[in-house]
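The values are calculated or read from the model by the stated rules, or taken from the named source; none is laboratory data. Quantities reported herein were computed from a predicted structural model and do not represent experimental measurements. Quick reminder, even Gly has a Cβ in these numbers, built from the backbone with ideal geometry, and neighbours come from all protein chains shown.
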Amino acid sequence: MSSRLEIVELSSGEIVLRRTDGVGSPLVEIKFSDEVRVLLSEFSMDIGKAMVSAGVQAVGEVYGHMLEPHEDHSDSSAFNEEYDEASGVLH
């Protein structure tokens with residue numbers, strides 16, 4: 001499975017986040033209504049990219065919270081210092 005992703009606009013007008021090798025279905029699909037496509041004009045791809053980026057960032061934040069150590073009243077300062085240096089944000 002490819003670990004590289006791309007954001008592309010399909011011939012249908014949908015903007016998708018998919019694997020670069022084309023395996024599997026898109027991970028994210030954005031479909032603007034005809035009315036919104038007219039409003040956005042040539043900027044629909046830019047808006048779609050911003051929406052996907054915001055979603056990926058939100059997933060990274062949620063994932064980061066899931067990785068946070070549970071509250072423990074024992075001395076875990078060394079672990080916390082190491083954890084603070086590691087980022088759970090996807091780029």
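Take Val56 and tell me if it is at pLDDT below 90, surrounded by 14 or more Cβ atoms within 10 Å (Cβ to Cβ) and assigned to a helix (DSSP H, G or I). Yes; evaluated as a whole, the condition is true for this residue.
Yes or no: the stretch 75-89 includes at least one residue that is in contact with a Phe, Trp or Tyr (Cβ under 6 Å, 6 or more places away or on another chain), surrounded by 10 or more Cβ atoms within 10 Å (Cβ to Cβ) and either at pLDDT below 95 or outside any helix (DSSP H, G or I) (or both). Yes, the stretch 75-89 contains at least one residue that is in contact with a Phe, Trp or Tyr (Cβ under 6 Å, 6 or more places away or on another chain), surrounded by 10 or more Cβ atoms within 10 Å (Cβ to Cβ) and either at pLDDT below 95 or outside any helix (DSSP H, G or I) (or both).
Could you pull out the residue among Val16, Val28 that is surrounded by 14 or more Cβ atoms within 10 Å (Cβ to Cβ) and in contact with a Gly (Cβ under 8 Å, 6 or more places away or on another chain)?
Working: Val16 fails: in contact with a Gly (Cβ under 8 Å, 6 or more places away or on another chain).
Of Val16, Val28, the one residue that is surrounded by 14 or more Cβ atoms within 10 Å (Cβ to Cβ) and in contact with a Gly (Cβ under 8 Å, 6 or more places away or on another chain) is Val28.
Look at (1) surrounded by 10 or more Cβ atoms within 10 Å (Cβ to Cβ); (2) at pLDDT 75 or above and you find that Glu42 fails only one, number (1). Name the residues in the stretch 15-72 that are charged (D, E, K, R) and either in contact with a helix residue (DSSP H, G or I) (Cβ under 8 Å, 6 or more places away or on another chain) or within 15 Å of Leu5 (Cα to Cα) (or both), would you? Passing the criteria: Arg18, Arg19, Asp21, Glu29, Arg37, Lys49, Glu68.
When restricted to residues that are farther than 24 Å from Val59 by Cα and in contact (Cβ under 8 Å) with a residue 12 or more places away in the chain, the stretch 13-46 contains 2.
Listed here are the residues, each with its yes/no results for (1) surrounded by 14 or more Cβ atoms within 10 Å (Cβ to Cβ); (2) part of a loop (DSSP other than H, G, I, E, B); (3) at pLDDT 55 or above; (4) not β-branched (Val, Ile, Thr).
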| residue | (1), (2), (3), (4) |
| --- | --- |
| Val23 | no, yes, yes, no |
| Asp46 | no, no, yes, yes |
| Glu71 | no, yes, no, yes |
| His91 | no, yes, no, yes |
